Amino acid sequence: MVEICFSREGVKKILDYALAHCRDECPEKRDPYTCVILVKLREILGLEPPPCIEDYGGFDEKTFTALIKDIEKRWGMGIEDVLKELKSKGARTLQDKIDLVDAEFALTVLRILKNREEERFFKVQ
């Protein structure tokens, strides 16, 4: 692993720059790994959270587990079956499209958080 050191101000500038991507491109062009890292680093540095924190009501396992349960309840089936259905038949309504995007994102974020996969990208000392 290569270590790169930035000043707090340098990291803040990069995170503020990334926040512009959140505001302008999310959810169409979001990457779950980057989202997790952005949220965690902004939290560590005491910076304003990305807009998705307000949208989702948080950015933790509890929040994304609840989101998946809401989708499952709406569809009356498990999340994997919901995804199969949406991928095979296509999203017909705006809610279907939202459910597809949110389900895929939530499942990936949960996996990242549970396995602490973001730790391969940075460590705080």
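The values are calculated or read from the model by the stated rules, or taken from the named source; none is laboratory data. The shown structure was predicted, so the numbers you read here are calculated from the model rather than taken from an experiment. Every residue, glycine as well, gets a Cβ built from its backbone with ideal geometry; the counts of neighbours run over all protein chains shown.
So the values come out like this:
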read-out: Selection status of Glu118, surrounded by 12 or more Cβ atoms within 10 Å (Cβ to Cβ), in contact with a Phe, Trp or Tyr (Cβ under 8 Å, 6 or more places away or on another chain), of a type in the set (D, E, K, R) and within 30 Å of Lys12 (Cα to Cα); value: yes
read-out: Selection count, region 75-94, where residues are out of contact with any helix residue (DSSP H, G or I) (no Cβ under 7 Å at 6 or more places or on another chain) and part of a helix (DSSP H, G or I); value: 8
read-out: Qualifying residue in region 83-94 (condition: exposed (fewer than 12 other Cβ atoms within 10 Å of the Cβ), farther than 17 Å from Pro27 by Cα, modelled with pLDDT of 95 or more and under 19 Å from the mean Cα position of the chain (by Cα)); value: no
read-out: Filter result for Phe64 (surrounded by fewer than 17 Cβ atoms within 10 Å (Cβ to Cβ), of a type in the set (Phe, Trp, Tyr) and either at negative phi or more than 11 Å from the chain's Cα centre (by Cα) (or both)); value: no
read-out: Every residue from region 1-53 that is modelled with pLDDT of 90 or more, crowded, with 16+ Cβ neighbours inside 10 Å and in a loop (DSSP other than H, G, I, E, B); value: Pro50
read-out: Qualifying positions in region 12-37 - of a type outside the set (Gly, Ala, Ser) and more than 18 Å from Tyr56 (Cα to Cα); value: Lys12, Lys13, Ile14, Leu15, Asp16, Tyr17
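Let's see how each residue does on (1) out of contact with any Leu (no Cβ under 6 Å at 6 or more places or on another chain); (2) in contact (Cβ under 8 Å) with a residue 60 or more places away in the chain; (3) hydrophobic (A, V, I, L, M, F, W, C):
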residue: Val11; (1), (2), (3): yes, no, yes
residue: Arg30; (1), (2), (3): yes, yes, no
residue: Cys35; (1), (2), (3): yes, yes, yes
residue: Arg42; (1), (2), (3): no, no, no
residue: Cys52; (1), (2), (3): yes, no, yes
residue: Gly57; (1), (2), (3): yes, no, no
residue: Asp60; (1), (2), (3): yes, no, no
residue: Asp70; (1), (2), (3): yes, no, no
